[in-house]
Structures are given as structure tokens and as C-alpha cells.
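The values are calculated or read from the model by the stated rules, or taken from the named source; none is laboratory data. What you are looking at is a predicted structure, and each value in this text was computed from that prediction instead of being measured. Cβ atoms come from the backbone with ideal geometry, glycine included; neighbour counts cover every protein chain shown. Quick note on the areas: whole protein, heavy atoms, side chains included, nothing else; ligands and nucleic acids left out. Shrake-Rupley method; radii C 1.70, N 1.55, O 1.52, S 1.80 Å.
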Amino acid sequence: MATAPQHTTQPPKVLLGVTGAIACYKVCSLVRLMVSRGWQVQVIATAHALDFVGEITWRTLSQRAVECDAFAPNSDWHPRHIALADWCDLFLVAPCSANTLAKLAHGLADNLLTETALALPPEKPLWVAPSMNTRMWEHAATQANVKTLQARGVQVCLPTAGELACGVTGAGRLPEPEALMAALVDWEASRAL
């Protein structure tokens, strides 16, 4: 009896962009979940993200130096944003602030995270997990930016409703790390098919 061929893939290399939103603290748990599965996680942090969760936390959890400066000295001749885009299997921006969401929708590239997203090869998936105040999430400009990204094939992990850090109750919460991880595990399984 013949056996079905086994599809084996290496554990994924995830580029994790973190932006300036209080939900950064939740993403620390997501990094732990990914690393515990043997995934390689490379964090790219915006300057404002590091105001919420410090570089040493990201470095310790991911077991890799944090990338945040497009012009930092580099031992390789490759520009950082190109090398990072080439390295990863998937680029997830979580939390994705309203500001970064707008930059991604309009192709702005003014920091290492947005430069890397713009340099991402078309066959590599870009996921965003927005997190912001309810009024910001529901604003027509934000909703138009979401539609623009979805039309380009970007996977948008929609925020959930609940109590937000600003004291408002409504949509805008980053999905829980376990929910994001479940979606990533589904993506990983689809790669093996």
C-alpha cells in the first residue's frame, strides 16, 4: 500500500511589526506562543512602540535583537528593509496603530517597519491586527484604509469589542494572543498543503 507523500516545511520565520499602541503588552504573549512552537520571530518596533514595551523585553522574548533603525550600522551590505522582507515567511503588524494602518494603505515608508512592508515580495503575506480607540477605528478614513489593504490581499485581523485602555467600551481591542495564534497556526497548516 502506497503512503501519501509527507509535506514538510521548516518552522515559519515571522516578521513582527509592533507600533505605538497600548496593546503592545498583549503581543508579548503572542511572541512567547510563536517561539514555543519553534518559530523564528524577528521584531521590528517603531519608536513609539518602544515607549510602551521596551527593547529588552522584545529581545528576551524573541531571542533576537530588535530592529528599529533603518540606518543602524549593518554588517551586511543589504539594506535592512530589503533583507528583512526577504528573510520572513509572513509579516504581521500587531498592534497596528491607525497611523501605521494609514501609512501601509497609502504606501508611505518613513520608518523601518513601513519601508519593510513596502519591500515585501508579493508572494509573502502581510497581516495587520489593528488596535485603537473606537472612534478612530470607526472613522471613515480608517475604514477606507482597511478596505484598501484588503483589496490588495492584506489579511486584516479585525479588532474585537470590549473595554479599551482609554476607558471607552467598543470596537478597537486587539484580538487576544491565543486568537491571533490560532489564525497563524491555520496559515502554517495551509503552507504544508
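Quick notes on this one:
- Of the solvent-accessible surface of segment 58-193, computed with a 1.4 Å probe over protein heavy atoms with every protein chain present, carbon and sulfur atoms account for 56 percent.
- Cα-based shape type of segment 7-115, given that a ≥ b ≥ c are square roots of the gyration tensor eigenvalues and the cut on a/c is 1.5: rounded
- Distance histogram for the chain (every C-alpha pair counted, 5 angstrom bins, percent rounded to whole numbers): 1, 8, 16, 21, 21, 16, 9, 4, 2, 1, 1, 0, 0
- The chain: relative contact order in percent, alpha carbon pairs under 8 Å with at least 6 residues between: 22 percent
- Between Val168 and Lys13, the contour length at 0.36 nm per residue exceeds the alpha carbon distance by 52.2 nm.
- Rolling a 1.4 Å probe across the protein heavy atoms gives segment 143-189 an accessible surface of 51 Å² per residue.
- Relative contact order, whole percent, for segment 100-193 stands at 25, derived from Cα pairs under 8 Å and 6 or more residues apart.
- The percentage of C-alpha pairs in segment 121-166 whose separation is greater than 12 Å is 65%.
- Eligible lysines near Lys13 by straight Cα distance, threshold 22 Å, same-chain separation 8 or greater: Lys26, Lys124
- Label separation (Leu108 vs Ala189): 3.9 nm, computed from points 7 Å beyond Cα along the C-beta direction.
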